[in-house]
Amino acid sequence: MSTSHKHPKGSDSAKKILEHAHRGLELMAEYQPAAMGASHAFMREAMKPGALSHKQKELLALGMAIVLRCHYCIVMHVRSCKAAGVTLQEVMETCSVAIMMGGGPALTYTAEVERAANLVYLDAEGELID
């Protein structure tokens, strides 16, 4: 994703993936509130800065999502990376490491990263958001 030209804005599919993921979380919270509360508490604790910064942990989570080929996790962690101050270049370098570890299947999931990145890193005109 070169910054020298405009990119298409995030697709509806990336937005729908986020909606579907959140609906799944809401459904589980409705039917299994204790389990979801414990799960969220664990996730919050795991992502707290420690020896690794929150930013580093988001990049790790994104890389793992790519290798595990979870399009829901990819979209959510690209969004979380942006919120944590991760640059688009750092996202793409994370993709390279994920491909190194996950091979061809991980490479194909960079398309999911692009859709998510276009959604959260670009404005309505396709320009990179600072």
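The values are calculated or read from the model by the stated rules, or taken from the named source; none is laboratory data. Please read these numbers as outputs of a predicted model, since none were measured by experiment. Quick reminder, even Gly has a Cβ in these numbers, built from the backbone with ideal geometry, and neighbours come from all protein chains shown.
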Just checking, does the range 87-108 include any residue being closer than 18 Å to K15 by Cβ and either touching a Gly at 6+ places or on another chain (Cβ under 9 Å) or among the charged types (D, E, K, R) (or both)?
no
Residue check: is S4 of a type in the set (S, T, N, Q) and either assigned to a helix (DSSP H, G or I) or modelled with pLDDT of 95 or more (or both)?
no
Scan the range 40-86 for residues that are out of contact with any helix residue (DSSP H, G or I) (no Cβ under 9 Å at 6 or more places or on another chain) and hydroxyl-bearing (S, T, Y) and jot them down.
S53
Might you check whether a residue that is in contact with a Leu (Cβ under 7 Å, 6 or more places away or on another chain) and free of Cβ contacts under 8 Å to residues at least 40 places away in the same chain occurs anywhere in the range 68-78?
yes
Restricting the first residue to the range 105-130 and requiring it to be free of Cβ contacts under 8 Å to residues at least 60 places away in the same chain and part of a helix (DSSP H, G or I), which pairs with a second residue that is surrounded by 15 or more Cβ atoms within 10 Å (Cβ to Cβ) and among the acidic types (D, E) meet a Cβ separation below 9 Å and a spacing of at least six or different chains?
none
Residues within the range 72-119 that are among the hydroxyl-bearing types (S, T, Y), under 14 Å from L18 (Cα atoms) and modelled with pLDDT of 95 or more, tallied:
1
Any chance C81 is without any contact (Cβ under 8 Å) to a residue 12 or more places away in the chain and within 11 Å of the chain's Cα centre (by Cα):
no
The range 85-119, residues that are buried (at least 17 other Cβ atoms within 10 Å of the Cβ), in contact with a Ser or Thr (Cβ under 9 Å, 6 or more places away or on another chain) and among the hydrophobic types (A, V, I, L, M, F, W, C):
V86, L88, C95, A98, I99, V113, L119
Scanning the range 120-130 for residues that are surrounded by fewer than 19 Cβ atoms within 10 Å (Cβ to Cβ) and hydrophobic (A, V, I, L, M, F, W, C), which turns out nearest to I17 (Cα to Cα)?
A124
